[in-house]
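Notes for the one structure printed next.
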Amino acid sequence: MFEGVLPAIITPFKRNSAMGLDVQGLERNIGFLVSCGIHGIVPCGSTGESATLTFEEHEKVIEITVDKVNGRIPVLAGTGSNNTAEAVKLTKAAKDIGADGVLIISPYYNKPNRSGLIKHYTKLADLDIPVVMYNVPGRTGQNLEPDLVAELAQHPNIVAIKEASGNIGQISRIIEETQDDDFVVISGDDNITLPILALGGAGVISVAANVDPKRMVALYEAMKGGDYQKALVLHFALSPLFRSMFIDTNPIPVKKAVELLGMAGGPVRLPLDDLDEKKTEQLKKILATIPKKGVPKTVAPIKKLGKPAAGKIITLQKPRAR
């Protein structure tokens, strides 16, 4: 259900004292991303400043996204919280609006124990909507261990995990231990999407795709089609952009980037603050390297890879279809 490139979209605000939602800007941004061939979309994640949205705004952003997408691609709505009752309320609202699934962050700050985590995710999955767990220890202070993920993957409504631990060994083990389940692993870090896809991951929930969706889609499609050379070239071409998205706290750089490119962005809400002048100049230099006509039809090979070795070619069968 959830695979490919799914931008974690920003929430554009108006540049006035009220800093309300820029509804028309949000609709334009979504229309642009869909036109670039993305495979799904994620409103109200951490990139969408969910922590500073009111409940009414949260619901409105999901509603706008569902209406604008109009069934063309899946909508995976962020509805997580460190308060299970609040996450239940947000998840029920997303389901009623028509979201195709929900992205649930591991509870932050209060650091629940193992049984608490199981009950938290199970209670949300029991609401009968597909759940994607979100492991980002850098924000939550707690890691979802592979054995816990494998246990939760047994629930029929827990369909995936967005993995942003940065630990390739851990991600490999999660894929290994959930091969027999109807469950996938999605990258939560643009810069390690390629190795996660190589391990059998299903896609990426991406910050950079807000800025350069066409090349992100091309990278995924190249990997899916077995063109590792092209995927690697695109990975290295995109890597400066990946790094630039984290020259300050997410989503500060990406909001500035989309605005510099003429899309709707607006300010970030306190306690975040706008990108400073020095970092803005740094970001401008990276944005100037994005191809204006999309993805080149041909890409120069990476010489270090060399030519394929001569001899018998062994075809490995995938452990299971994704």
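Laboratory data are not the source of any read-out in this text; all were calculated from the coordinates shown. None of the values given here were measured: they were computed from a predicted structure. FYI the Cβ positions are ideal-geometry reconstructions off the backbone, even for glycines, and counts take in every protein chain you see.
Just checking the listed ones, Val204, Val23, Val268: in the Gaussian network model of the chain with Cα springs under 10 Å, the one fluctuating most is Val23.
The helix-only estimate of mean residue ellipticity at 222 nm for the chain, built from DSSP H runs of length n ≥ 4 each weighted as -39500 (n - 2.57), is -12500 deg cm²/dmol after division by the residue total.
Within the chain, antiparallel bridges make up roughly 5 percent of the DSSP beta bridges whose residues both belong there. In terms of surrounding Cβ atoms within a 10 Å radius of their Cβ, Cys44, Cys36 rank from fewest to most as Cys36, Cys44. When Ile286, Ile41 are sorted by how many other C-beta atoms sit within 10 angstrom of their C-beta, beginning with the fewest, the order is Ile286, Ile41. Taking Asn16, Asn29, Asn191 in turn, the Gaussian network model of the chain (Cα-Cα springs below 10 Å) assigns the largest fluctuation to Asn16.
Full extension of the segment from Thr289 to Ala85, taken as 0.36 nm per residue of separation minus the current Cα-Cα distance, would add 68.9 nm. Residue order for Glu277, Glu176, Glu163, Glu59, fewest other beta carbons within 10 angstrom first, comes to Glu277, Glu176, Glu59, Glu163.
Structure remark: mean-square fluctuation, Gaussian network model of the chain, C-alpha springs under 10 Å; the largest value among Ser17, Ser46, Ser106 belongs to Ser17.
All C-alpha pair distances within the stretch 36-120, sorted into 10 Å bins from zero, spread as 18, 50, 25, 7, 0 percent across the bins. The phi torsions of the stretch 97-113, fed into the Karplus equation with coefficients 6.51, -1.76 and 1.60 and a -60° offset, translate into couplings of 5, x, 4, 7, x, 10, 9, 10, 6, 4, x, 9, 6, 7, 6, x, 6 Hz, rounded to whole numbers, with Gly and Pro shown as x.
Put a dot 7 Å past the Cα of Gln154, heading toward its Cβ, do the same for Leu261, and the two dots end up 4.3 nm apart.
Evaluate the charge dipole of the stretch 4-305 about its Cα centre and quote only its size in Debye, nearest 20, assuming +1 on the Cβ of each Lys and Arg and -1 on the Cβ of each Asp and Glu. Present the calculation step by step, with values, prior to reporting the outcome.
Working: 33 positive and 34 negative charges, 235 e Å.
Once rounded to the nearest 20, the dipole reads 1120 debye.
Normalised size of the chain, defined as Cα radius of gyration per 2.2 N^0.38 Å with N residues, equals 0.98.
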